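Below you'll find the structure, written out as structure tokens, and then a few comments.
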Amino acid sequence: FATVLYQLGRHDEAVEQASKAVVLAPQAIGPRMVIYSARVSQGDLDAASAVLAEAHEIAPQNLNVLEQMAYVGEQKGDASAAISAYERIVEIDPAKADAWAQLGDLYAKNGQLDKSEAAYEKVGELDPEGAHTVFYNIGALIMNRSTRSDAETREAIEAFRKAIEA
């Protein structure tokens, strides 16, 4: 019922009904995710984070919860929270190419270029058809460094060459 109310855009009522479900089934993740979704829709990211923290306590391996934690971290501008969630995701499921790609982006924005390059390389291994994008991103990361050695410039050129070949 809470899910239907949420889908109808009746967020306050959805939260009320999902909260009742939480009381009836304290270990259930579903009702908490309805509350989370309603809070995000209402723009209350702090409340959404709190609900996700509860869900994570109950189900620390739940990839959906972790993905939403990463999303909220990014929305709040908390790169370290988003990175932490994505790192946990790839720890649980190392084949999640999209999580590796997000890590590559976040690491790059955070100035962790070596980690970013490694994450993008992992995406290339997992998704060979998308390898051209990965190699391009690696080259762009290297070229965007404020200080770059001649050897690093050659690395970037090689990455761009691999992108073209792919």
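The values are calculated or read from the model by the stated rules, or taken from the named source; none is laboratory data. As the structure is a computational prediction, the values presented were derived from the model and not from experiment. Neighbour counts are summed over all protein chains in view; Cβ atoms, including those assigned to glycine, are modelled from backbone coordinates with ideal geometry. In case anyone asks, the SASA skips ligands and DNA or RNA and just uses the protein heavy atoms, side chains included. Shrake-Rupley method; radii C 1.70, N 1.55, O 1.52, S 1.80 Å.
Structure data summary
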{"read-out": "Whichever residue in the stretch 139-150 is touching a residue at least 24 places away in the same chain (Cβ under 8 Å) and aliphatic (A, V, I, L, M) and, among such residues, is most open to solvent (accessible area, probe 1.4 Å)", "value": "L141"}
{"read-out": "Enumerated helices (runs of 4 or more DSSP H) restricted to the stretch 83-148, each holding at least 2 residues that are within 23 Å of V72 (Cα to Cα)", "value": "97-109, 113-126"}
{"read-out": "Residue match in the stretch 93-111 (condition: open to solvent by 50 Å² or more (accessible area, probe 1.4 Å) and closer than 17 Å to E158 by Cα)", "value": "no"}
{"read-out": "For L66: the one exception among (1) at pLDDT 95 or above; (2) more than 11 Å from the chain's Cα centre (by Cα); (3) not polar (S, T, N, Q)", "value": "(2)"}
{"read-out": "The stretch 57-82 - residue that is open to solvent by 60 Å² or more (accessible area, probe 1.4 Å) and assigned to a helix (DSSP H, G or I) and, of those, farthest from W100 (Cα to Cα)", "value": "E57"}
{"read-out": "Residue in the stretch 146-159 that is among the hydrophobic types (A, V, I, L, M, F, W, C), over 28 Å from the mean Cα position of the chain (by Cα), at pLDDT 85 or above and farther than 19 Å from Q112 by Cβ present", "value": "yes"}
{"read-out": "Meets criteria (of a type in the set (D, E) and under 28 Å from G111 (Cα atoms)) for E57", "value": "no"}
{"read-out": "Test: residue in the stretch 117-124 that is among the β-branched types (V, I, T), without any contact (Cβ under 8 Å) to a residue 60 or more places away in the chain and open to solvent by 30 Å² or more (accessible area, probe 1.4 Å)", "value": "no"}
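Matching residues to (1) touching an Asp or Glu at 6+ places or on another chain (Cβ under 8 Å); (2) farther than 20 Å from V15 by Cβ; (3) among the β-branched types (V, I, T):
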| position | (1), (2), (3) |
| --- | --- |
| H56 | no, no, no |
| N64 | no, no, no |
| A82 | yes, yes, no |
| E87 | no, yes, no |
